[in-house]
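K.L.:
Supplied in structure tokens, the structure appears directly below.
Derivation of every value follows stated rules applied to the coordinates shown; laboratory data play no part. Just so you know, these numbers come straight off a predicted model, no measurement behind them. Reconstructed Cβ throughout: ideal geometry from the backbone, glycine too, with neighbour counts over all protein chains shown.
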There are 2 protein chains.
Amino acid sequence: MKGFHPRHFRLVGKKIEATLCSLLPNENDSPRVLHQAMRYAVLSGGKRIRPILTLGACQAVSGKQADAMFAACALEMIHSYSLVHDDLPCMDNDMIRRGKPSCHAKFGEVTALLAGDALLTKAFNVLSHKGGSKHLQAIQWISEAIGNKGMVGGQALDIQFQGKKLDLPILRQINANKSGALIAVCTRVGAYLGCGTKHQVSSLHRYGKYVGLLFQIVDDIMDGQGYARALGIQKAREEATLILAKAKRELLPFGTRGHFLKDIADFIATRKY
Amino acid sequence: MKGFHPRHFRLVGKKIEATLCSLLPNENDSPRVLHQAMRYAVLSGGKRIRPILTLGACQAVSGKQADAMFAACALEMIHSYSLVHDDLPCMDNDMIRRGKPSCHAKFGEVTALLAGDALLTKAFNVLSHKGGSKHLQAIQWISEAIGNKGMVGGQALDIQFQGKKLDLPILRQINANKSGALIAVCTRVGAYLGCGTKHQVSSLHRYGKYVGLLFQIVDDIMDGQGYARALGIQKAREEATLILAKAKRELLPFGTRGHFLKDIADFIATRKY
């Protein structure tokens, strides 16, 4: 392994795409509109950062890709469900997602609501299909990360503070829950399912937390919101550099096996979209 | 055990209430409004039919109540989430639920949407907290029963056929998915977690399917919809009597241990609310 290689990246991406495609319900099966909406929400592009991080962490601990592939896809389904519900009229009312009509813009509000519910449910179904207690632990961590004290809680907190001036501690808490917890649990679960030691799982979980934070800061710098507003662009850039270094430091014990995750962190730090 | 006893019924109900109360997030914990909405949705009354069926099936196979209590509560959380999302403006737009303001009427649409998402997630979290492969199997069955080919699928199908005349096979399919699958998985999971044999689990799963169907027919007779409309009141009553007999027949091998489930079936057949 010589670290990041665009071809390796593309190969992993193709496998994720193919597995998602086979795990999602067939659009010719009843109820068709629901199934079309579920597939549309998941298969309409997206960078697949979360499954790639899951598989990257699995690889860092010398695990087999197959051990974490279902979890990787389940985590992408969860990400997709959260976008579908976030875009709904009562939430952000976004009509465009990834350059295309959002799920409710295309299928209507009711179908989008149900497609989100069905994707979240499907994710847990996929996680339950691999036997053994490891997947039960993964379900526990994931359900914590995306529930009332994680992703959904962060969303609720964000709405509670809408229109109010956010100080940095509140902003950090909202982001750590709303987007950070799901990203962090990807590397935690990937390392765990790849049979990493307790110590390795903790390191990669911390790496995931840094990467989640980095992702948000870069987002905020691009659209001038959140951190960019609270800290100023210059300070936000410095913060991003610092967080990137912290993320990479967690990878040191993994040697060349951690290069893939290092390159993902660099990609997230420098992405322009 | 001498079958149904109102005091026993009340005792089980109290334990379910207390366990739900302790499993749900504290309302003084942040994000408070979300937690208030989650508790409101679950703890505002309800007959607790689903957890009672779960514990009844566990008891029928001589299982310990504690083995199925978490699953019983998770299944009630799932039922509550489905009601919260069903009541939303884009769905049935119901402002009243159990004689009180529905969740979105009280907390607003966004909080209700998120509370539903959080309750579904919490249910899987609760199911993951008991170790062992039995709970992984329970998660698989439950996620099948409430997903795109189960409860959510039934909801989608119902909407697809809205305003169209329903023939009996379609009506049966909608009901089997929309409300029947969740009720049936309660007895399946209760019997399984109570360490019933494969044969016992199958019998009690079939019992659950009949009871779910019975529940719907009685509902329809009360409000003149669905089966009552498709079959006529008289025929629907005859169908209910037949289904009740089929449900009870599944209980014969369980002897006195099955009396509690027999009495629940009678209660469902004769309920007036």
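K.L.:
Ignore the peptide's own chain and count Cβ atoms of other chains within 10 Å of each Cβ in A:151-164; give me the average, rounded.
P.N.:
What the average comes to for A:151-164 is 5.
K.L.:
Once you keep just the Cα pairs under 8 angstrom separated by 6 or more residues, what percentage relative contact order results for region B:145-245?
P.N.:
Once normalised by length, the contact order is 24 percent.
K.L.:
With only alpha-carbon atoms counted, please give the Rg and Dmax of chain B, in Å.
P.N.:
Here Rg and the maximum Cα pair distance are 18.0, 53 Å.
K.L.:
Further question: Taking each label point as 7 Å beyond Cα in the direction of the beta carbon, state the distances from B:N28 to the same residue in the other copies, shortest first, in nm.
P.N.:
5.9
K.L.:
Calculate, for B:A245 and B:K164, the FRET efficiency according to 1/(1 + (r/R0)^6) with r their C-beta to C-beta distance and R0 35 Å; round to the nearest 0.05.
P.N.:
0.60
K.L.:
I've got another one for you. Given label points at 7 Å from Cα along Cα→Cβ, what nm distances, shortest first, separate B:G163 from the same residue in every other copy?
P.N.:
Copy-to-copy label distances for B:G163: 3.5 nm.
K.L.:
Which of A:Q160, B:A118, A:W141 sits farthest toward the positive end of the charge dipole of the protein assembly as shown, with +1 on the Cβ of Lys and Arg and -1 on the Cβ of Asp and Glu?
P.N.:
A:W141
K.L.:
Kindly rank B:257-265, A:214-222, B:239-247 from highest to lowest mean number of other beta carbons found within 10 Å of each residue.
P.N.:
Top of the packing list down: B:257-265, A:214-222, B:239-247.
K.L.:
What is the total of Lys pairs in region B:66-207 with C-alpha atoms under 28 Å apart, excluding same-chain pairs fewer than 8 positions apart?
P.N.:
Lysine pairs, 8 or more places apart or on different chains, close enough: 21.
K.L.:
So what is the relative contact order for region B:32-80, in percent, with contacts set as C-alpha pairs under 8 Å and at least six apart?
P.N.:
41 percent
K.L.:
Check each of the trypsin sites (Lys or Arg not before Pro) in region B:160-240 and keep only those in coil by DSSP with at most 15 other C-beta atoms within 10 angstrom; list them in order.
P.N.:
The qualifying sites are B:K164, B:K165.
K.L.:
A further question on this structure: Length gain on complete extension for the stretch B:R257 to B:E27, per 0.36 nm per residue less the alpha carbon to alpha carbon distance?
P.N.:
Length gained, B:R257 through B:E27: 78.9 nm.
K.L.:
Peptide B:30-41: average number of partner chain Cβ atoms within 10 Å per residue? Each step should come with its number before you reach the end.
P.N.:
On the way: counts 8, 15, 3, 4, 10, 4, 0, 2, 3, 0, 0, 0.
Going residue by residue through B:30-41 and averaging, the value is 4.
K.L.:
Provide an ascending nm list, one decimal, of label-point separations from A:Q234 to the equivalent residue in each further copy; define each label point as 7 Å from Cα along Cα→Cβ.
P.N.:
Shortest to longest, the spacings are 8.9 nm.
K.L.:
For every helix of n ≥ 4 consecutive DSSP H residues, a contribution of -39,500 (n - 2.57) applies; sum these over chain A, divide by its total residues, and give [θ] at 222 nm rounded to the nearest 500 deg cm²/dmol. Walk me through the numbers on the way to the answer.
P.N.:
Details: 14 runs with 198 residues, N = 273.
About -23500 deg cm²/dmol.
K.L.:
Now a separate question. Rounded, prolate or oblate, given the Cα gyration tensor of region B:165-273, with a/c below 1.5 counting as rounded?
P.N.:
Prolate, since a/c reaches 1.5 and a/b exceeds b/c.
K.L.:
Taking neighbour Cβ counts within 10 Å as the exposure measure, how do A:D167, B:D266, B:D158 sort from fewest upward?
P.N.:
So the ranking, lowest neighbour count to highest, is A:D167, B:D266, B:D158.
K.L.:
Also, quick follow-up: How many angstrom lie between the Cα centre of region B:52-129 and the Cα centre of region A:252-273?
P.N.:
Distance between centres, Cα-based: 41 Å.
K.L.:
Rounded to the nearest 20 Debye, what is the dipole magnitude of the protein assembly as shown about its Cα centre when Lys and Arg each give +1 and Asp and Glu each give -1 at the C-beta?
P.N.:
1340 debye
K.L.:
Could you list the chymotrypsin sites (Phe, Trp or Tyr not before Pro) in region A:128-206 that lie in coil according to DSSP, counting only those with at most 16 other Cβ atoms within 10 Å of their Cβ?
P.N.:
A:F161
K.L.:
Here's a follow-up. Taking the Cα centre of chain A as origin, sum charge times position over the Cβ atoms of Lys and Arg (+1) and Asp and Glu (-1), and report the length of that vector in debye to the nearest 20.
P.N.:
For chain A, the charge dipole is close to 960 debye.
K.L.:
Quick one: the Cα spread of region B:73-153 along its three principal axes, in angstroms, biggest first?
P.N.:
Principal axes ranked by extent give 41, 24, 21 Å for the Cα atoms.
K.L.:
Quote the relative contact order of chain B in percent (integer), defining contacts as alpha-carbon pairs under 8 Å separated by 6+ residues.
P.N.:
22 percent
K.L.:
On average over all directions, what projected area in square nanometres does the protein assembly as shown have, based on the convex hull of its Cα atoms?
P.N.:
That works out to 24.6 nm², a quarter of the Cα hull's surface.
K.L.:
Same structure again: Mind jotting down the three principal axis lengths of region B:1-142 based on Cα atoms? Whole angstrom, largest first.
P.N.:
Computed over the Cα atoms, the extents are 45, 34, 29 Å.
K.L.:
Using a 10 Å cut-off on Cβ to Cβ distances, tally the other chain neighbours for every residue of A:104-116 and report the average as a whole number. Can you show the working numbers first?
P.N.:
On the way: counts 1, 0, 0, 0, 2, 4, 9, 4, 1, 10, 10, 3, 5.
Other-chain Cβ atoms within 10 Å of each residue's Cβ, averaged: 4.
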